[in-house]
Amino acid sequence: MKRRSFVKASLLTSAAGALIPQISMASENSANSGREFYELRVYTLKNAQQQKLVEDYFKDAAIPALNRIGNKYIGVFTELKPDGQTKLYVLIPFTSWDDFIAVQDKLANDKVYRQAGLAYLNAPATDPAYERIESWLLRAFEHAPKLQAPGQKPRIFELRRYEHASEDAGKVKLQMFNSAGEIDVFKRLGFNPVFFGETLIGSLRPNLTYMITFDDMAAHDSHWKAFGSDPEWKRISAIPDYSDAKLVSRITSTFLVPSDCSQI
């Protein structure tokens, strides 16, 4: 038993040791280039009471506290067409890795935040605030280093995740977005991208995730039709190394609408 525990601990230590230098290097590179980090959370809820409790927590406690320490444009979204009780999607931008690491201690020492979020933070196991939280840490793309918050008006958001067959395929897809010009096509055609992020920590890796926005579903359909027929996109996608069959194993699209408290 002791030997198995020792081996398990050694493996965990080795894994952590391998990950920390990668994150440190990502942080240093991002700091030098001005690239942000993003935490993307998905709250699984069982009923409307839990939804209200989590939304109230962000409205009254988390968003004001994060704004006070310099984290702006916190996004809180519900599903456009949920299958049952909606999930809540939360997007939190960070200026750096150090900013991400420090935020929990800052919140823990913020008495105003803790008082305002008491119902959420101290929810009992017999009546929890949510069922589970999934969380991903993303690093902004080189060609889209900072979040771009759209104007406040009724709109829908599309959150798209591209899963890759391998880490190398993911790097080539990043190159396609950055240096080959795919992001430029999105911007030129008026997709109003909010962010593009490479997943550093989280499930279903390797993958990248981005968010775009439209006035409505009709605008969504017309924009994607224009994208598919765009000459520059056809040129980029025709390059053999950029074939989706080589780079993308699965695409997941989720349609969202902002909660009343959302800053995006």
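All distinct Cα pairs of segment 167-246 go into the 1/r average, and the inverse of that average, the Kirkwood radius, is 13.7 Å. May I ask for the Kirkwood hydrodynamic radius of the chain, worked out over all distinct Cα pairs and given in angstroms to one decimal? Hydrodynamic radius (Kirkwood, Cα only) of the chain equals 20.1 Å. Compute the FRET efficiency between ASP221 and LYS111 as 1/(1 + (r/R0)^6), taking r as their Cβ-Cβ distance and R0 = 45 Å, and round to the nearest 0.05. About 0.40, to the nearest 0.05. Counted residue by residue at 0.36 nm each, then reduced by the alpha carbon distance between them, the extension gain from ASP230 to LEU80 reaches 51.2 nm. For segment 57-115, the fraction of 1.4 Å probe accessible surface lying on carbon and sulfur atoms is 49 percent.
Compute the separation of the alpha-carbon centres of segment 102-150 and segment 196-242 and state it in Å as a whole number. That distance is 28 Å.
Its residue count N fixes a reference of 2.2 N^0.38 Å for segment 90-164, and the Cα radius of gyration divided by that reference is 1.45.
Here's the list of lysines a cross-link from LYS72 could span, going by alpha-carbon distance under 21 Å and ignoring same-chain residues fewer than 8 apart: LYS59, LYS106, LYS111, LYS146, LYS153. With 21 Å as the limit on Cα-Cα distance, the pairs of LYS173/LYS246; LYS87/LYS225; LYS81/LYS234 that go past it are LYS87/LYS225; LYS81/LYS234. Bridging of LYS187 to aspartates and glutamates at a Cα separation below 14 Å is possible for ASP230, GLU232, once same-chain residues fewer than 8 apart are set aside.
Ordered by solvent-accessible area of protein heavy atoms (1.4 Å probe), largest first, the residues MET211, MET217 come out as MET217, MET211. ARG68 contributes an accessible area of around 130 Å² to the protein surface, as traced by a 1.4 Å probe with all chains present.
Roughly how many percent of the accessible protein surface of segment 174-214 is carbon and sulfur, given a 1.4 Å probe and a whole-percent answer? The C+S portion of the solvent-accessible surface of segment 174-214 is 50 percent.
For the chain, the per residue solvent-accessible surface stands at 53 Å², with DNA, RNA and ligands left out and a 1.4 Å probe. I want to make sure I understand the PRE zone here: with the label point 7 angstrom from the Cα of ASN47 toward its beta carbon, which residues in segment 81-103 have backbone N atoms less than 18 Å away? Residues 84-88 qualify, since their backbone N sits under 18 Å from the label point.
Classified by the C-alpha gyration tensor, segment 207-264 has an oblate form. Its axis ratio a/c, with a ≥ b ≥ c, is 1.5 or above, and a/b does not exceed b/c.
When the Gaussian network model of the chain links Cα atoms closer than 10 Å, the mean-square fluctuations of VAL185, VAL76, VAL90 top out at VAL185.
The values are calculated or read from the model by the stated rules, or taken from the named source; none is laboratory data. Please read all numbers here as calculations on a predicted model, not as lab measurements. Methodologically, a virtual Cβ is constructed for each residue, glycine included, from the backbone with ideal geometry; neighbour enumeration extends over all protein chains shown. Keep in mind that these areas ignore ligands, DNA and RNA; they rest on the heavy atoms of the full protein, side chains included. Shrake-Rupley method; radii C 1.70, N 1.55, O 1.52, S 1.80 Å.
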